[in-house]
Structure formats: structure tokens, C-alpha cells
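Below is one structure, written out as C-alpha cells, with a few remarks after it.
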Amino acid sequence: MLPGLLAEIPRVYDYVTEFALNTTKYKLLNPGDDKFLRDMILSFMLAGRDTTGSALTWFFWLLSKNPEVTTKIRQEINTKLSPRTNNDSDHFSSFNPQDLNKLVYLHGALCEALRLYPPVPFQHKSPTKPDVLPSGHRVDASTKIVFCLYSLGRMKSLWGEDASEFKPERWISETGRLIHVPSFKFLSFNAGPRTCLGKEVAMTQMKTVAVKVIQNYEIEIVEGHKIEPVPSIILHMKQGLKVMVTKRCNLV
Ligand code: HEM
């Protein structure tokens with residue numbers, strides 16, 4: 001059964017191999033079992049697809065409202081990313097994935113989009129035993145605590161008076177390095193033991209898409225298109241994002 005299952009889903013082969021082989025970590029769950037593997041694959045697909053799609057949609061909308069940020073990202077790509085091809089018609093068709101770590105400003109812009117529009121806008125948790133929250137509120141083991149990541153990312157007491165503004169610079173130090181922001185402050189990927197397992201994968205995927213799109217296309221929002229968030233499990237745009245896409249001729 002296992003080889004058949006793997007053949008149908010080659011793109012998740014590495015995760016599956018990891019689970020199937022790493023029996024010490026998951027031995028109580030029978031990791032070689034097809035049902036276990038199916039459930040793991042499904043949760044990776046559900047957790048990883050809509051979240052990244054939502055993040056990129058808000059990111060490109062924010063870029064369209066802040067063209068100076070797009071210009072800075074283009075400059076950063078041009079100076080820090082070395083294309084593997086010199087063929088002009090195929091500019092940046094391929095680049096070294098390690099080089100993505102050099103794109104500090106792009107990283108800041110993506111974090112800023114995730115802060116303002118967290119793809120998972122709400123979460124709920126329950127304590128395993130009665131507890132007292134930092135606010136002084138007592139909670140029972142049965143209490144469901146719902147918290148809103150959308151609001152937390154916009155709190156002036158946490159992010160400053162300009163909390164509602166899209167400022168990639170917020171994430172970059174004066175020396176041009178990324179500022180470390182604790183995950184309990186920047187909660188878009190959650191924090192602690194149930195933190196997002198795909199955080200690094202998600203950032204790499206989003207940077208790759210951003211580089212390709214920003215370098216090769218101009219994106220313009222269709223005039224009059226209404227942008228509204230849907231308060232749901234995933235922070236979709238109610239009417240989606242309608243855009244005009246133009247191929248860039250002068251790739252600088
Ligand atoms: C921008 C993209 C993403 C965001 C904002 C995001 C956010 C989150 C959040 C907030 C949670 C915690 C949910 C909770 O505790 O209720 C979570 C969990 C998880 N994420 Fe992501 N995620 C993203 C992309 C991905 C990707 C690409 C993958 C897989 C490749 C992934 C895999 C997972 C898994 C497996 C969990 C469950 C972890 C656990 O409960 O132990 N995520 N994610």
C-alpha cells in the first residue's frame with residue numbers, strides 16, 4: 001500500500017519519509033500506517049495551502065497600495081540575488097534558494113503583511129488545568145479562550161503609534177539586519193509547543209513567489225474593486241483580489 005500511496009503524492013514524499021522513518025518520535029501513532037500518513041498529508045495540505053495563499057493575496061494588495069515598497073524590493077532583488085541565467089528573456093528564472101536569506105527587506109515586508117493580515121485571524125485554546133491568566137482572570141480547564149491575532153497585530157501598546165501602517169522597516173535594524181521579534185509578540189504562526197510546523201517552508205515559498213512576480217510583472221488592482229476581509233478560520237478577501245497583470249519589459 002505504502003509505495004502506491006507515495007506515488008500519488010510525490011510532492012509530499014519528504015514529509016512522509018520523515019514520518020515513516022522517524023519511528024522513535026511517533027512510535028505510539030504507528031507512523032508506517034496508511035491512515036496515519038493520509039491524515040498527516042491532509043493536515044499539511046490544509047494547513048499549508050490556504051494560509052500561504054491568503055498571506056500572498058494580502059501581501060500583493062499591500063504592495064499595490066505602497067509602490068515605494070515594491071521599488072525597494074526590486075532594488076534588493078537586483079543587488080542581492082544572483083541569477084543563474086544571463087538570458088534576458090528568462091531573467092531570474094532560477095536562483096540559489098540560499099540567497100533568499102539575503103532579502104532582508106522582502107522578509108520584513110512579508111512579516112508586516114502577516115502582522116496586519118494574519119491568515120489565521122483567530123485561535124482558541126483551553127488550559128489543561130485551572131489557571132490564572134496574566135490579566136488576573138481565572139480560567140477552568142473547560143474554558144475556551146478565544147484570541148484575535150488580527151487585533152493583536154494592530155495593538156499600539158505592542159507595535160507603537162504607527163501600528164496600523166505597513167512599514168517593512170519595522171523589522172530591520174539600523175545596521176540592515178533583521179530585528180528578532182519574539183514569537184509571542186508576532187503571533188501569526190502561533191508560538192510555543194503548537195507553533196506552525198511549516199513556518200520556514202511558508203516563508204521560503206512566499207519569498208520565491210514574491211521574487212518571481214515582482215521581478216517579472218506589474219500588478220495593478222482593478223479600479224473600484226472592493227477589499228474586505230472575511231472573519232473566518234482563514235482570513236480570505238470577500239471578493240478575492242481582482243488584478244491586471246502586465247509583463248515587465250525593462251527588468252531593472
Ligand atoms: C503564511 C503561511 C502560514 C501561516 C500564517 C500559518 C499559521 C499557522 C498557525 C497560526 C498555526 C497554529 C494553529 C493552532 O494552534 O490553532 C499553524 C499550525 C500548523 N501549520 Fe501553519 N501556517 C502557514 C503555513 C504552513 C505551511 C506551508 C505548512 C506545511 C508545510 C504548515 C503546517 C502547519 C502544521 C502541520 C500545523 C499544526 C502544528 C501543531 O498543531 O502541532 N503551515 N500554522
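The values are calculated or read from the model by the stated rules, or taken from the named source; none is laboratory data. Nothing here was measured: the structure is a model prediction, and the numbers come from that model. All Cβ positions, glycine included, derive from the backbone under ideal geometry; neighbour counts span all protein chains shown. Heads up: the accessible areas ignore ligands, DNA and RNA and are worked out on the full protein's heavy atoms, side chains in. Shrake-Rupley method; radii C 1.70, N 1.55, O 1.52, S 1.80 Å.
Largest first, how would Leu56, Leu197, Leu133 line up by accessible area (1.4 Å probe)?
If we order Leu56, Leu197, Leu133 from most to least accessible, we get Leu197, Leu133, Leu56.
Any chance you could look up the accessible area of Ser142 with a 1.4 Å probe, heavy atoms only, rounded to 10 Å²?
My reading of the accessible area for Ser142 is about 100 Å².
Select from segment 176-252 those trypsin sites (Lys or Arg not before Pro) which occupy a DSSP coil region and have at most 14 other Cβ atoms within 10 Å, ordered by residue number.
Sites meeting the loop and neighbour criteria: Arg177, Lys185, Lys226, Lys238, Lys242, Arg248.
Of His107, His236, His137, which has the most accessible area with a 1.4 Å probe, and how do the rest follow in descending order?
Ranking His107, His236, His137 by accessible area, largest first, yields His137, His236, His107.
Over the heavy atoms of His124, what accessible area does a 1.4 Å probe trace out, to the nearest 10 Å²?
Approximately 100 Å² for this residue.
Per-residue HN-Hα couplings for segment 142-148, Karplus 6.51 cos²θ - 1.76 cosθ + 1.60 at θ = phi - 60°, whole Hz, x for Gly and Pro?
8, 5, 9, 9, 9, 10, 9
Out of the GluC sites (Glu not before Pro) in segment 121-210, which ones are loop residues according to DSSP with at most 13 other C-beta atoms within 10 Å?
Answer in residue order: Glu161, Glu165, Glu174.
Binned at 10 Å from 0, what are the whole-percent values of the Cα-Cα distance distribution for segment 59-197, short to long?
That works out to 10, 31, 30, 17, 9, 3, 1, in percent per bin.
With all distinct Cα pairs included, what does the Kirkwood hydrodynamic radius of segment 130-252 come out to in Å, to one decimal, could you say?
18.5 Å
At a probe radius of 1.4 Å, what is the per-residue accessible area of Asp99, in Å² to the nearest 10?
10 Å²
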